[in-house]
1. Which of the following values of Kirkwood radius over Cα pairs in Å was calculated from the structure shown: (1) 21.0; (2) 22.1; (3) 22.7?
2. How long is the gain from Trp161 to Leu370 if the chain were fully straight, where each residue apart is worth 0.36 nm and the alpha carbon distance is subtracted?
3. Which helices count as membrane-span-like in the chain under these terms: full DSSP H, at least 27 Å along the axis by C-alpha, Kyte-Doolittle mean of -0.5 or more?
4. Hey, what number do you get for the chain at 222 nm if only DSSP H runs of n ≥ 4 count, each worth -39500 (n - 2.57), divided across all residues, to the nearest 500?
5. Could you check the simple spin-label distance between Ser36 and Glu229, using points 7 Å along Cα→Cβ, in nm with one decimal?
6. Please identify the longest segment of the chain free of exposed trypsin sites (Lys or Arg not before Pro), where exposed means a DSSP state other than H, G, I, E or B and no more than 14 other Cβ atoms within 10 Å.
7. Please report the relative contact order for the chain, taking Cα pairs under 8 Å with a sequence separation of at least 6, and give it as a percent rounded to a whole number.
8. I'd like the distance separating the alpha-carbon centroids of region 129-175 and region 26-61, in whole Å.
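Any read-out appearing in this document is the output of simple, stated calculations on the displayed coordinates, not a laboratory observation. None of these values were measured; they are calculated from a predicted model. For neighbour counting, all protein chains shown are included, and Cβ atoms are generated from backbone atoms with ideal geometry for every residue, glycine included.
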Amino acid sequence: MPLGLIALALGAFGIGLTEFVIMGLLPEVAADFGVSEAAAGWLISGYALSVVVGALVLTAATTQLPRKPVLLSLIVLFILGNVVTALAGDYGVAMIGRIIAALSHGAFFGIGSVVAASLVAPEKKAGAIAIMFTGLTAANVFGVPFGTFLGQNFGWRSTFWVISAIGVLALIGIAALVPKLHSPEEKVSLRRELAAFRSGQVWLSLIVTILGFGGMFGAFTYIAYTLTEVSGFATGAVPWLLVLFGAGLVIGNWLGGRFADRSIDGTLLVFIGALVVILALFATFAASGIATIIGLFLMGGFGFGTVPGLQARTMNYAGQAPTLASGANIGAFNVGNALGAWAGGLGIAAGFGYTSPIWIGAIITAAAFLVMAFAAASARRNTTHQPAADAAGADAQRDAVTAN
């Protein structure tokens, strides 16, 4: 395995930690700045919206630049954002810090996915992307509980100082271990990158990403209420149950990458279809502690198991212009997060109870399955197009691995 993948995974770990750890520290942040928890929650929403902007704008702005220096610059931006957050004297400055850090998020994962795929043989692209995204899943399993513990005991700012230090380590690792990737023969142009969006399959992949992740995060956003108010778990058990969810993410991400290397569309159909069933069963039996534990683990596994396939599928159908499409797919993940949280909140506000976000998530995921089935059938009907796109993408990936 190329060591550069480990460096990319470390960067993904730090970025994932920045995104998710704030959820466990909202009370401390709200108390420190003297704002309501609802206002503190905008530090999450503002981050998510900024990810979408960064995924498109920064990726588009850097298409003609060598990818390794761009990745290093994005990590520097990430470090700066977290330092600003840690030093923030008021809520407004903290929000600025969150926005700065978030701008690097989408572009890093978008460009990093292309770089990760270029470090391995074409038939192992999805697996390489999965290795990079292991850093994101590890952030949920290990980083968020530790970061929450650290912030609760030593002040929430200490967590962001540690995240900044992780960013420095990732910067060193990428500089030392990721090879130069921009060959003299390959001139990346913004016009060519934008041309990828002429592909209907790219748009279908983005829609599946939005709906698939929207369904899972619609259920996950309010999971603490489900665990305590429906399943009957003590509040103190919630962090450990979330570790179980994170373990599902890690295993699902690994399996999803392995299977997607054999058949992307087949893997996505199986994983998304299974997720619909799991969410429906989870909502039905949420009052059972054992069923909830199983459902939480499987929801994480099958939900995140779609990530390598969705990322690889978007890049494949983008052909020789995968960078901007890859960044757009990262933005689509975050649009899905916002969609799911909004839709799940509507169910609770309407008085349908704390299992309603899970039912709503199942419905949204079912829509993702239908779109994916249509996309797969359409791809089979256009057999002459799909291999050409895959071959062009593979050639671009191979050509990119040239050290200057």
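1. (1)
2. Values: separation 209, 0.36 × 209 = 75.24 nm, distance 4.39 nm.
Difference between extended and current length: 70.9 nm.
3. 3-33, 37-61, 67-87, 91-118, 156-177, 200-220, 238-260, 264-284, 322-349, 356-381
4. -27500 deg cm²/dmol
5. 1.7
6. So the longest stretch without any such site is 1-179.
7. Computed value for the chain: 25 percent relative contact order.
8. 17
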